[in-house]
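Take a look at the structure set out below.
The values are calculated or read from the model by the stated rules, or taken from the named source; none is laboratory data. From a predicted model like this one, the values you see are computed outputs, not experimental measurements. When we count neighbours, we look across all protein chains shown, and the Cβ atoms used for this are built from the backbone with ideal geometry, even at glycine. In case anyone asks, the SASA skips ligands and DNA or RNA and just uses the protein heavy atoms, side chains included. Shrake-Rupley method; radii C 1.70, N 1.55, O 1.52, S 1.80 Å.
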Amino acid sequence: VVVMTTLPGDADGPAFGRALLNERLAACVNLLAPMESVYRWEGRVEQETERQVIIKTTRDRLNALWDRVRELHPYEVPEFIVLAIADHLGIPLRFVGLGETAEDFGVFDATTFVDAVLAPPRTSGDAA
């Protein structure tokens, strides 16, 4: 399972990555070069320097990773994109949601999410 998040450009990315590694929540953390991000937040278009962080982990560690990212992260609502690759589905990701404020995001259970992504596609006869 691959998780992506961003950090502010001036954040201590190596310390963030080491914390996840030392706590065995990640097998590897990649810190990409600073980049410019343009995004909408609380009704305004913002532009900031950020770093993309790619975290390699396991399905069983996702909830603990999500909890720890929220503890370590300077943002009110950190990006947490989970990519679960499923060969039998032929697709890497299903759309999760989009929000502009903290209130737009509900409780996230990473294990339930990955189970849903990896589940066989529903057929028209399946109950919703």
Residue pairs within 9 Å by beta carbon, gap of at least six or interchain, first lying in segment 1-21 and free of Cβ contacts under 8 Å to residues at least 40 places away in the same chain and farther than 15 Å from P78 by Cβ, second among the hydrophobic types (A, V, I, L, M, F, W, C) and in a helix (DSSP H, G or I), listed first then second, are A15/L72
Kindly list the number of the only condition in (1) open to solvent by less than 70 Å² (accessible area, probe 1.4 Å); (2) under 21 Å from V1 (Cβ atoms); (3) in a loop (DSSP other than H, G, I, E, B); (4) at pLDDT below 70 that fails for G99. (2)
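Is it true that some residue in segment 9-19 is under 16 Å from the mean Cα position of the chain (by Cα) and under 30 Å from L118 (Cα atoms)?
yes
Yes/no matrix, rows are residues, columns are (1) within 15 Å of M4 (Cβ to Cβ); (2) at pLDDT below 95:
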site: E36; (1), (2): no, no
site: L62; (1), (2): yes, yes
site: I81; (1), (2): yes, yes
site: A84; (1), (2): yes, yes
site: A116; (1), (2): no, yes
site: A119; (1), (2): no, yes
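V3: hydrophobic (A, V, I, L, M, F, W, C), within 12 Å of the chain's Cα centre (by Cα), modelled with pLDDT of 85 or more and not in a loop (DSSP other than H, G, I, E, B), yes or no?
Working: hydrophobic (A, V, I, L, M, F, W, C): yes; within 12 Å of the chain's Cα centre (by Cα): yes; modelled with pLDDT of 85 or more: yes; not in a loop (DSSP other than H, G, I, E, B): yes.
It is true that V3 is hydrophobic (A, V, I, L, M, F, W, C), within 12 Å of the chain's Cα centre (by Cα), modelled with pLDDT of 85 or more and not in a loop (DSSP other than H, G, I, E, B).
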If a residue must be crowded, with 16+ Cβ neighbours inside 10 Å and in a loop (DSSP other than H, G, I, E, B), how many such residues does segment 60-75 contain? 2
Here is a list of conditions, (1) modelled with pLDDT of 60 or more; (2) β-branched (V, I, T); (3) farther than 18 Å from E23 by Cβ, and V69 meets all of them except one; can you say which number that is? (3)
Name the single residue, out of those in segment 12-57 being in contact with a Phe, Trp or Tyr (Cβ under 8 Å, 6 or more places away or on another chain) and closer than 15 Å to R68 by Cβ, that is most open to solvent (accessible area, probe 1.4 Å). V29
